[in-house]
Every structure is written in structure tokens, then in C-alpha cells.
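Take a look at the structure below.
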Amino acid sequence: MDNDTSTPKTALVVVAHPDDAEFGCGGTLAAWAAEGWEITLVICTDGSSGGPDDATDVGPEARRRISDIRKAEQQAAAAILGLKEVVFLDYPDGMLQPTLELRRDIVRQIRRIRVQRVVCQSPDRVWTPQYSLPRFHPDHLAAANATLAAVYPAAQNSWDFPELLAEGYPPSRVRELFVMGAPVVNLAVDISATIEQKLAALRCHVSQLGTDQTQLAAMVRQWAAERGEAFGVPLAEVFHRVEN
């Protein structure tokens, strides 16, 4: 990283749905925000498939209602973590694909903010017992693949999406990439000081997680302890970090 203190420390987090970031990196984001990082969270979908699995009313109005609820929950969670802004790309929930359009939208955000750090979900399925079916969600994989393609080479290459130059967004090089839920991890962030912020942010997502999150909080602490043990820290979120 450059040592120029006059340049804002900027980070971009790209995930498929509301609450994805809180689960995967909420403690890390709170720690970075406390260090002065300006963090933008990009949600690729509109969250409109986040109602009860057995719902019978799944029409446009019902989808709009759940989308509005989840967006409000996400904004509240972001405020707790200290994020600068939340951007909703509003692709239909459950149908996300790693299209050139999605890639361009992510490149636009990278260039707009002049991002130094990017955090994304893993493009790979992980065949280990602690990973559950939600880790195979096609929206997660699509968001990850589009983000990786946006980070390199598109964001730093004038020849990719030249229309963004006309919008006033010149190339911008990402310096660090942090992948959540990767099959190989090489970095742990100690979240001992921010675990309560992570849990408070998760409590905002009532539509998905309910009002009584006692059991969930215990599980989140257990996961953080297990991940931290391998790196010699009390509570951790882990990533595969790559420098560019």
C-alpha cells in the first residue's frame, strides 16, 4: 500500500445479498472503519427472494415489500459497522449471473471510489463439513466471479468498458483483494474488539434471522474462535488475500 496519508483509505465490499457482508466480514469492516477506512458496500441483488421459503404470495408487490425491508435492514447494519455508503445494484434476487453488465457496474464503483481494497465472496465451492448449502448459493458465486473479473484486469484497463471513460471514470488499480469463504486462506483479522458490532449488525436483519438470535450469536462466536485458533488470535474472520 502507498504511504501517502493525503489519499483516503478506500475499500469496496461486493456481495450478493443483504446480510452476506455481516456474516463474512462484519467484524473486519468495523475494525477497518475504526482505523479510518472509507468503506462502500455494494449489494448486487435487490434481496427480493428473501421471504419465507414456504410463502404462497410471491408476486411483484410481495417481492417489492421484502426488498424494501431488507434494504432498510442493510442500511441500519451498515451504520452500526461504520460504513460510508451502501449501493444497491438491484439485479433480481436468485437470478444473478456474472454478466458483462454486472462486471461493468462493479468496475464503475471501483473507478468512482478509487478503491484500494476490495472484499468479495468466494467463486469456489468448499467441500468441507463446516460449510453449509448457503455457501453454494449461485448468486454468491456469480457476484464473486463478476467482482474478480472487475478487479483484474477491467478496473485498471482503459480498453475495458471505454464507455466509463466518457462517464468520467478513468482506470483505477485495486491494491489488495480479500476473498471470504475461500478454500485456501492466508490471513486472519482479529475481531475480538469488534465482535459485538458484528453481532449488533446481524441483529438488524430481522426478516432473515428473526428477533431472538441467541443461538446464532453463540454459533458466530464459535466460528470466530475456530478460525482464530489456527492463526493464534482469540476471534477471527479469515480471508485469502492477494496483492496487485
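Structural remarks
- Taken over the range 220-235, the criterion of being touching a helix residue (DSSP H, G or I) at 6+ places or on another chain (Cβ under 6 Å) and either surrounded by fewer than 17 Cβ atoms within 10 Å (Cβ to Cβ) or free of Cβ contacts under 8 Å to residues at least 60 places away in the same chain (or both) is satisfied by Pro234 alone.
- Test: residue in the range 179-192 that is touching a residue at least 24 places away in the same chain (Cβ under 8 Å), under 23 Å from Arg112 (Cα atoms) and not basic (Lys, Arg): yes
- Residue in the range 146-194 that is surrounded by the fewest Cβ atoms within 10 Å (Cβ to Cβ), counting only those that are closer than 14 Å to Asp105 by Cα and in contact with a strand residue (DSSP E or B) (Cβ under 6 Å, 6 or more places away or on another chain): Val151
- Residue in the range 206-219 that is buried (at least 21 other Cβ atoms within 10 Å of the Cβ) and within 27 Å of Gln75 (Cβ to Cβ) present: no
- Inside the range 70-97, residues that are of a type in the set (S, T, N, Q), more than 13 Å from the chain's Cα centre (by Cα) and in a helix (DSSP H, G or I) make up a count of 1.
- Thr211 being under 23 Å from Ala34 (Cβ atoms) and polar (S, T, N, Q): no
- Just one residue in the set Phe161, Phe178 is modelled with pLDDT of 95 or more, touching a His at 6+ places or on another chain (Cβ under 8 Å) and within 20 Å of Val42 (Cβ to Cβ); that residue is Phe178.
The values are calculated or read from the model by the stated rules, or taken from the named source; none is laboratory data. Keep in mind the model is a prediction, meaning the values are calculated, not measured. Cβ: placed from backbone, ideal geometry, glycine included. Neighbour counts: every protein chain shown.
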